[in-house]
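Working notes, beginning with the structure itself.
Bear in mind that the values in this text are calculations on the coordinates, not laboratory data. Everything numeric here is computed off the predicted structure, so don't read it as measured data. Neighbour counts are summed over all protein chains in view; Cβ atoms, including those assigned to glycine, are modelled from backbone coordinates with ideal geometry.
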Amino acid sequence: MSTAPASLLLEPLARWFNQHRRSMPWRAENLDAPHPNPYAVLVSEVMLQQTQVATVIPYFERWMQRFPSLESLAMAEQQDVLNHWAGLGYYHRARNLHAAAKAIQIEGWPHGIEGLQALAGLGPYTSAALAAIAFQWPEPALDGNAFRVLARLLALEGDPKTHARQLRIWLRPALETLGASRLTQALMELGATYCGRRAQCQDCPLHAACEARRQQRTQSLPVVVARPKAVEVPLWLLAIEAQAHWYLLPPANQGLLSGLWRWPALEGSFSTSATTPSPLPLRQWKGWTQVYTHRRELVQPLAIALPEPWTWPGGRWVPDQELAHLPMGRRDQRLRSLLGTPSLQSVSRAPLEALLTALSEGGAPHGA
Ligand code: SF4
């Protein structure tokens with residue numbers, strides 16, 4: 001770790017940010033005062049947890065129209081909240097944001113970092129970013145962008161996260177001197193622009209001080225830590241219809257998919273070649289790969305029309321007119337939107353046979 005004070009090394013970055021910062025709907029004009037709307041910072045930071053800025057902006061704007069204040073979010077129904085999150089993925093973020101808004105409405109905004117960390121869904125990074133950007137508290141917020149910039153600036157060896165504790169100690173005085181909100185956002189912004197995966201050092205405000213640039217190691221720093229490979233799972237996603245009702249799995253009370261309705265699914269590899277005509281009307285669409293952190297689903301979407309609703313455990317028959325209003329995850333929304341579109345010419349009977357076998361054995365399709 002460098003022994004040079006952070007406020008000295010990072011001063012050009014703070015100056016650069018004053019002049020070149022990108023406009024974002026949640027950014028305050030005045031970087032030296034607490035943010036006039038900490039609720040907007042909370043919403044933006046939670047949305048940005050696993051999503052790029054460009055994707056977040058339209059969601060943020062729609063969200064702030066529907067829930068313009070913390071109170072309006074706290075008082076909203078969970079289904080309404082999830083519907084407005086639809087498409088952003090990782091729905092636990094919406095549920096946590098809703099829970100945090102309710103807690104703040106009752107207790108007021110916390111007065112310290114521990115209070116922010118106690119709110120639902122605010123881990124060490126998000127609580128520190130909120131502390132710095134909303135309240136100007138000198139809490140170092142280290143996300144992937146900040147780690148990359150600092151690892152290169154200081155030529156940190158190994159996984160930069162192993163240096164987190166020392167980095168926080170080193171950064172804190174600079175947050176006080178240069179402005180907590182300004183410096184926090186400047187580090188993120190540099191990591192998202194010049195100091196991305198391929199560093200563009202020419203115009204970087206840290207050009208003169210940067211060790212990785214001086215040592216010509218910007219390609220190899222920071223060290224990339226290999227993640228375990230995601231498991232690939234082929235599955236049929238089934239829209240089963242009978243008498244203007246759809247068979248769906250209702251939301252679980254907890255877990256990543258709590259609050260969301262799901263189509264039933266059959267996991268496994270099935271032949272997609274057309275065989276003999278199906279005894280039931282089937283519609284099939286082109287499949288896609290749904291990517292999650294630890295799992296890649298090779299989704300084959302299919303709709304089956306039954307003559308009448310069958311009684312299966314675990315699911316519910318939902319009237320057709322309610323289908324469009326149910327909160328669903330991205331994968332299940334995609335099948336819902338396919339239902340009104342032309343299907344493929346040739347379809348496979350394989351999933352139908354698998355479904356009939358599962359039913360004859362007393363089982364039902366399950367949610368994946
Ligand atoms: S000089 Fe290059 S490697 Fe160093 S911080 Fe700037 S962009 Fe990143």
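Put simply, the amide H of residue 246, placed in the peptide plane, has neighbours under 5 Å in 318, 320, leaving out anything fewer than 5 places away on its chain.
Net charge in the neighbourhood of residue 140 (other residues with Cβ under 12 Å of its Cβ; Lys, Arg +1, Asp, Glu -1) is 0.
With a sphere of radius 15 Å drawn around the Cβ of residue 163, what net charge do the other residues whose Cβ falls strictly inside it have (Lys, Arg +1; Asp, Glu -1)? Local net charge: +2.
If both residues of a DSSP beta bridge must be in the chain, then about 60% of such bridges are antiparallel. Compared with the direct C-alpha span, the chain from residue 105 to residue 71 gains 11.6 nm at full extension, assuming 0.36 nm per residue.
Neighbour counts of C-beta atoms inside 10 Å place 31, 130 in the sequence 31, 130, starting with the fewest. Taking each residue as 0.36 nm, the span from residue 254 to residue 165 lengthens on full extension beyond its C-alpha to C-alpha distance by 28.8 nm. Between 0 and 90 degrees, rounded to the nearest ten: what's the tilt of helix 350-360 against the longest Cα principal axis of the chain? Once rounded, one gets 70 degrees. Contact order, relative form, for the chain: 17 percent (alpha carbon pairs under 8 Å, 6 or more residues apart, mean separation divided by residue count). Within a straight-line Cα-Cα reach of under 23 Å, residue 229 can be paired with the following lysines, leaving aside sequence neighbours fewer than 8 residues apart in one chain: 161.
Given +1 at the Cβ of Lys and Arg, -1 at the Cβ of Asp and Glu and no other charges, the dipole of the chain around its Cα centre is 1060 debye to the nearest 20. Suppose R0 equals 25 Å. What FRET efficiency, 1/(1 + (r/R0)^6) with r the Cβ-Cβ distance, do residue 305 and residue 325 give to the nearest 0.05? Plugging the Cβ-Cβ distance into 1/(1 + (r/R0)^6) gives 0.70. Taking only Cα atoms, what is the 0 to 90° angle, nearest 10, from helix 164-178's long axis to the longest principal axis of the chain? Long axis of 164-178 versus the principal axis of the chain: about 60 degrees.
Which angle between 0 and 90 degrees, to the nearest 10, do you get for helix 53-66 versus the longest principal axis of the chain when only C-alpha atoms count? The angle comes out at about 70 degrees. Annotation: the residues 210, 195, sorted from fewest to most other C-beta atoms within 10 Å of their own C-beta, follow the order 210, 195. This ranking places 282, 167, 42 by how few other beta-carbon atoms lie within 10 Å of each, fewest first, which gives 282, 167, 42. Among residues other than residue 195 with Cβ under 12 Å from its Cβ, the summed charge is +3 (Lys and Arg +1, Asp and Glu -1). Think of the chain as having a plus end and a minus end, set by charges on the Cβ of Lys, Arg, Asp and Glu; of 162, 88, 116, 162 sits farthest toward the positive end of this dipole. Of all the C-alpha pairs in region 149-283, what % are more than 18 Å from each other? In whole percent, the share of Cα-Cα pairs in region 149-283 beyond 18 Å is 73. Peptides 259-265, 202-208 ranked from most to least packed, by the mean per-residue count of other Cβ atoms within 10 Å: 259-265, 202-208.
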